[in-house]
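The values are calculated or read from the model by the stated rules, or taken from the named source; none is laboratory data. None of the values given here were measured: they were computed from a predicted structure. Neighbour counts are summed over all protein chains in view; Cβ atoms, including those assigned to glycine, are modelled from backbone coordinates with ideal geometry. The accessibility values were calculated without ligands, DNA or RNA, using every heavy atom of the protein model including side chains. Shrake-Rupley method; radii C 1.70, N 1.55, O 1.52, S 1.80 Å.
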Amino acid sequence: MVDVLYIVLPCYCEEAVLPITAEKLRQKLADLCRRGAVAEGSRILFVDDGSTDRTWEIIRELHEADPVFSGIRLTRNRGHQNALLAGLMSARAHADVTVSMDADLQDDIDAIDDMLARYAEGCDIVYGVRSQRDTDTYFKRTTAEGFYRLMGVLGASVVFNHADYRLMSRRALDALSEFREVNLFLRGIIPMVGFRSASVPYRRGERAAGESKYPLRRMIAFALEGITSLSVRPIRLITGLGVAVFLVSLGMLLYFLVRYFTGNTVTGWASLAVSMWAIGGLQLLAIGVIGEYIGKVYLETKARPRYLIEEVLGEDPPTRPDR
Ligand code: UDP
Ligand code: MG
């Protein structure tokens, strides 16, 4: 039995690269179909993440020329992660298996063969892992790898050097749909889904055309989102710091008392220094405790829709968009 594959690509202002990507993927899919690796009815699904350029028109033209291309348009720019989720949740209604990748061809499309092979062996999730990043700039490489390490230290388990190039079975997508988080960081959530998984190494290429939509500012925001949506450890660190500073102040109190009674101190100085440390420590402690509660509340109140769909090309939309 061969399965229906959907390749899902979030696109934000990708008019420069979209025609190239579309052609390459069309050939790839035709090839997979011919070899019997995937079923007829497999599709390439573009998600337009509220682009301000001609991206949606290009997707529409592609769809009109060849129904192998389908599209979803979000009502506004919601960011890569939400766009990807929108695509995956729509694909879930029609596909047996999905592969998500960036629209800029940085992910080597030939790795799809290996991913499908792992899927055939019974894996529900297959991570595309960058074997090396020599095409990234030194800066991008070090910041990105530092980010994966920091995530580990802060208690979020992510697959090292894996971005959003991955295969997921419908079963895994159904499980993913149970995760209701609004602060979406798929790389952290998908390992929580479980199931049998595997990794496939691939070479990260350069962008085929156009510019990166992730300047440093967005990279930092993305990293913070990843850390704070996956773990409350930073808040615990604050609490720990508060306790430590407060203990230091107790130590200093003792030290200054001894100095006071042995008679060599400036009047007023000791009490000032001690109270500064004590109050500082207590404040941090209090912020940490409050933060702990806010952290809990915030984890519970994620209930806004993560994306809204404006238009669908191709298959009927699922009756109700996944929240
Ligand atoms: N993207 C998106 N919404 C955004 C920003 C980016 O859907 O708000 C898409 C973009 O079109 C691309 C993918 O996310 O397909 C990765 O973006 P990009 O290649 O710019 O990031 P980089 O590879 O430089 O980290
Ligand atoms: Mg890219």
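Every condition in (1) part of a helix (DSSP H, G or I); (2) within 16 Å of ligand 2 (Cβ to nearest atom); (3) open to solvent by less than 40 Å² (accessible area, probe 1.4 Å) is met by Gly226 except one, and the failing one is (2). Name the residues in segment 103-137 that are over 9 Å from Leu167 (Cβ atoms), surrounded by 21 or more Cβ atoms within 10 Å (Cβ to Cβ) and in contact with a His (Cβ under 9 Å, 6 or more places away or on another chain), would you? Result: Arg130, single match. Consider segment 143-173 and keep the residues that are of a type in the set (Lys, Arg) and touching a residue at least 12 places away in the same chain (Cβ under 8 Å). The one that is surrounded by the most Cβ atoms within 10 Å (Cβ to Cβ) is Arg166.
Hey, could you check segment 229-247 for residues that are in contact (Cβ under 8 Å) with a residue 60 or more places away in the chain and assigned to a helix (DSSP H, G or I) and say which is most open to solvent (accessible area, probe 1.4 Å)? Within segment 229-247, the match that is most open to solvent (accessible area, probe 1.4 Å) is Arg233. Looking at segment 286-323, which of its residues are assigned to a loop (DSSP other than H, G, I, E, B), of a type in the set (Val, Ile, Thr) and modelled with pLDDT of 65 or more? Scanning segment 286-323 gives a single hit, Thr301. Return the residue satisfying two criteria in turn: it lies in segment 77-87 and is part of a loop (DSSP other than H, G, I, E, B) and either closer than 17 Å to Met101 by Cβ or at pLDDT 90 or above (or both), and of such residues it is farthest from the chain's Cα centre (by Cα). Only one residue tops the list, namely Asn77. Screening Ser199 with (1) of a type in the set (Ser, Thr, Tyr); (2) part of a strand (DSSP E or B); (3) out of contact with any strand residue (DSSP E or B) (no Cβ under 8 Å at 6 or more places or on another chain) gives one miss only, at (3).
When each of Asp124, Asp107 is tested for being under 30 Å from Arg34 (Cα atoms), of a type in the set (Asp, Glu) and within 16 Å of ligand 2 (Cβ to nearest atom), the lone residue that passes is Asp107.
For every residue, the table says whether it meets (1) open to solvent by 70 Å² or more (accessible area, probe 1.4 Å); (2) without any contact (Cβ under 8 Å) to a residue 60 or more places away in the chain.
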| site | (1), (2) |
| --- | --- |
| Ala175 | no, yes |
| Met192 | yes, yes |
| Tyr202 | no, no |
| Ala209 | no, no |
| Arg217 | yes, yes |
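Selection of segment 168-184 for residues being touching a Ser or Thr at 6+ places or on another chain (Cβ under 9 Å) and at pLDDT below 80 yields Glu181, Val182, Asn183, Leu184. So, Tyr165, is that one among the aromatic types (Phe, Trp, Tyr), away from ligand 1 (no atom under 16 Å from the Cβ) and at pLDDT 85 or above or not? When the stated conditions are applied, Tyr165 does not pass them. Considering segment 76-104, the residues that are hydroxyl-bearing (Ser, Thr, Tyr) and in contact with a Phe, Trp or Tyr (Cβ under 8 Å, 6 or more places away or on another chain) include one that is nearest to ligand 2 (Cβ to nearest atom), namely Ser100. Checked against (1) at pLDDT below 80; (2) more than 16 Å from ligand 1 (Cβ to nearest atom); (3) surrounded by 15 or more Cβ atoms within 10 Å (Cβ to Cβ), Lys140 passes all but condition (2). Among the residues of segment 61-76, what is the count of those that are touching a Gly at 6+ places or on another chain (Cβ under 7 Å) and not in a loop (DSSP other than H, G, I, E, B)? Counting residues in segment 61-76 that are touching a Gly at 6+ places or on another chain (Cβ under 7 Å) and not in a loop (DSSP other than H, G, I, E, B) gives 5. Does segment 64-98 hold any residues that are among the β-branched types (Val, Ile, Thr) and farther than 18 Å from Tyr12 by Cα, and which are they? Within segment 64-98, Val68, Val97, Thr98 qualify.
Just so you know, in segment 20-42 the residues that are open to solvent by 10 Å² or more (accessible area, probe 1.4 Å) and touching a Leu at 6+ places or on another chain (Cβ under 8 Å) include one that is farthest from Val99 (Cα to Cα), and it is Ile20.
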